[in-house]
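A.B. asks: The structure's right below; bear with me while I get my questions together.
Bear in mind that the values in this text are calculations on the coordinates, not laboratory data. Quick caveat, the model's predicted, so the values are computed rather than measured. Heads up, the Cβs are rebuilt from the backbone with ideal geometry, glycines too, and the neighbour counts pull from every protein chain shown.
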Amino acid sequence: MLTPEQLQVRTELTRAVAELGHAPSNADLAERAGLPVPVVEAALHALHEAHALLLHPGKTEPWAVHPFALSPGSCWVETGDKGYWANCVYCGFGIAAALDEDATIYTRIGGEREPVEIHVRNGELVERDLLFHLSTPPRAWWDNVIHACASFQPFRTEADVEDWCARHALPKGAVVPMPTMWAFARDWYGDAIRKPWRKRSADEVRTVFERHGFTSPFWSV
């Protein structure tokens, strides 16, 4: 179980990334959290082990602090005068939800050639006819979370999903209407900055999944 200090570090890190557009130094994070640098660095490793964030291999430097990516991802998210990387459209939605701002997500259909812009305006998704395909099931996300996020892509039709899976030898997973993913992201990340961060239990995760109709075996955790 994560300690109050470790949860505080995750909270301050999320807020710092939202403010800066990148990860703070560990010294800056320690100052924000009111903790010594060694305590903060130990907390970052504990958070990594708890799948509460991802560190770069062999370093004490955040790589992903969901919903934010800290190196170039498949999406660029613009909100007001700031911009952020996200590793998938769902995380891009999470950034818009966490900031509670209008956002434009720049990405590509299936991660291939065709560019697409996805807009959130006044809390509503504009492009409501797109689909979101998740190739990797939740129980395997943290086996390789960067690959898992990379396997989540937007599409126009389910036939396009099937062709893409065959072309790239990737399994077909869940195909979700984009408005459902936006609602899910708002539910999951809507308080990510306003409230102290905490890790959901497996039962809480299942409850959120069920609230959005994610009840097939694909979603088992």
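A.B. asks: Count, please, the residues in segment 85-119 that happen to be closer than 20 Å to Pro24 by Cβ and either touching a Leu at 6+ places or on another chain (Cβ under 9 Å) or surrounded by fewer than 16 Cβ atoms within 10 Å (Cβ to Cβ) (or both).
C.D. replies: 1
A.B. asks: Could you list all residues from segment 188-212 that are outside any loop (DSSP other than H, G, I, E, B) and either under 14 Å from the mean Cα position of the chain (by Cα) or not aliphatic (A, V, I, L, M) (or both)? Talk me through it step by step, then tell me what you get.
C.D. replies: Initial filter on segment 188-212 (outside any loop (DSSP other than H, G, I, E, B)): 188-189, 202-211.
Scanning segment 188-212 gives Trp188, Tyr189, Asp203, Glu204, Arg206, Thr207, Phe209, Glu210, Arg211.
A.B. asks: Something else about it: Check segment 141-148 and report whether any residue there is under 16 Å from Gly111 (Cβ atoms) and touching a residue at least 24 places away in the same chain (Cβ under 8 Å).
C.D. replies: yes
A.B. asks: Among the listed residues Ala23, Ala52, which satisfies the condition of being under 25 Å from Leu99 (Cα atoms), out of contact with any Lys or Arg (no Cβ under 6 Å at 6 or more places or on another chain) and not in a strand (DSSP E or B)? Please lay out each step first, then the result.
C.D. replies: Working: Ala52 fails: out of contact with any Lys or Arg (no Cβ under 6 Å at 6 or more places or on another chain).
Only one candidate passes the filter, namely Ala23.
A.B. asks: What tally of residues in segment 119-135 results from selecting those that are in contact with a Phe, Trp or Tyr (Cβ under 8 Å, 6 or more places away or on another chain) and closer than 22 Å to Ala174 by Cα?
C.D. replies: 7
A.B. asks: Only residues that are under 19 Å from Asn87 (Cβ atoms) and of a type outside the set (Lys, Arg): list them for segment 51-62, please. Please lay out each step first, then the result.
C.D. replies: First, the residues of segment 51-62 that are under 19 Å from Asn87 (Cβ atoms): 51-57, 59, 61-62.
Matches in segment 51-62: His51, Ala52, Leu53, Leu54, Leu55, His56, Pro57, Glu61, Pro62.
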